[in-house]
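> A single structure is presented below for examination.
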Amino acid sequence: MWLGLILTGLLHASSAPAFAASVFVASQEAGQLARIETDANAVTATIDVQAGPAAAATDAQGRIYLSHPDHHAITIVDGGTNRVLKRLPYAGQPFGIAADPDGRVVYVGDWKAGHVARLSTETGAIEATVAVGKDPANLVIDRGGRLWVADRESHQISVVDGARMERIATIPVGEAPFALGLSPSQDRLYVANVRSNDLSVIDTAKLKLLSTVPVGAMPYGVATSADGSRILVTNQHASTVSVIDAASLTLAGTVKVGRYPEGVVVSGGNAYVANWFSEDVSVIDLASLTERARIHVGEGPRYLAVATGNRSRHSEAVP
């Protein structure tokens, strides 16, 4: 798992000014973070982040946080200047990652230890830990400071109060939950379940399961349109994206993309999908539900993050 080339952490392209919207693509085998400008759908910079970046998070300032589970580290990148700011050592196996909006702390799901750790981004010191389920895969943080954790081998979502570092609920979902996505209003959490080939829909106020929606084979990524009307789920083994109508929770369409799609993010009227095996990013027009472009990136693209002004979002990845 999480194999990558040993690289040096240097910047391969000159620093670029901040753009209105940028999609950052983490390529695990290449050890790179590629910057795609959404107005041109082209790679404008490639940042060397060292081997094996697995998952990513962003803060409100546009910084990008990458976990390196096999190399026991977290890399912090300035998305405005394309520079690696620092690399924090982590003694365990960090995988899922979420950042506080102000960037003061980062939360890490330790794949082997079965807990979530809160780290200072200034010093890398662990401030607190909280036990969750088996193999905490991915994390998202809501505006109230609650962490939603996909406990892959416990088949549940753990809900954690990030300030107190206390688990406040567990919610059973499908088999091997992995990818997580909050609706824009944050009243729903969408969970892609890898082995049961479905999407769990959770009411975030009542902390209960609302519905289960069938999708394609091996769903590994989830995102929503900007208005929340559509849910996009990448299906790794089908090489497709399922588009779900959020109101009716029924299939609105299926889009063919590259080989082994994983992470997905939305920027404006387009969705961007990382295709792990075909080493490219599919650009999907959300109005027509068609693939409009493919953008070549480094080997093993699995995770994406989008930064727009002072807002950042991220997608999910899988070990």
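FYI, it's all coordinate maths here, none of it is from the lab. In this text, all values refer to a predicted model and were calculated from it rather than measured experimentally. Positions of Cβ are generated from backbone atoms using ideal geometry, with glycine treated the same way; all protein chains shown enter the neighbour counts.
> As a test of the definition: which semi-axes, in Å, follow for the range 38-183 when you take the square root of five times each eigenvalue of its alpha carbon gyration tensor? Largest first, please.
25, 17, 15
> Using the per-residue mean of other Cβ atoms lying within 10 Å as a proxy for protection, in what order, highest first, do the peptides 48-56, 165-173 fall?
48-56, 165-173
> Return the lysines within reach of LYS112: Cα separation strictly under 26 angstrom, same-chain partners fewer than 8 residues apart disregarded; answer none if there are no such residues.
Correct list for LYS112: LYS86, LYS134.
> Can you tell me the convex hull volume per residue for the chain, based on C-alpha atoms, in Å³ to the nearest whole number?
Enclosed volume per residue, from the Cα hull, is 105 Å³.
> Distance in nm between label sites at HIS237 and ASP39, each 7 Å beyond Cα in the beta-carbon direction?
Between HIS237 and ASP39, the label points sit 4.3 nm apart.
> Which aspartates and glutamates does LYS256 reach when only Cα atoms under 14 Å apart count, and residues fewer than 8 places away in its own chain are ignored?
ASP280, ASP285, GLU291
> Please list, or write none, the aspartates and glutamates whose alpha carbon is within less than 17 Å of the alpha carbon of LYS208, excluding same-chain residues fewer than 8 places away.
ASP142, ASP151, ASP161, GLU175, ASP187, ASP198
> Something else now. With equal scatterers on the alpha carbons only and no solvent term, can you work out the Debye log10 of I(q)/I(0) for the range 158-262 at 0.09, 0.22 1/Å?
Result of the Debye calculation: -0.21, -1.13.
> Listed highest first by mean packing, meaning other Cβ atoms within 10 Å per residue, what order do 73-81, 200-208 come in?
Highest to lowest by the protection proxy: 73-81, 200-208.
> Below 8 Å between Cα atoms, with a sequence gap of 6+, how large is the relative contact order for the chain in percent?
Answer for the chain is 14 percent.
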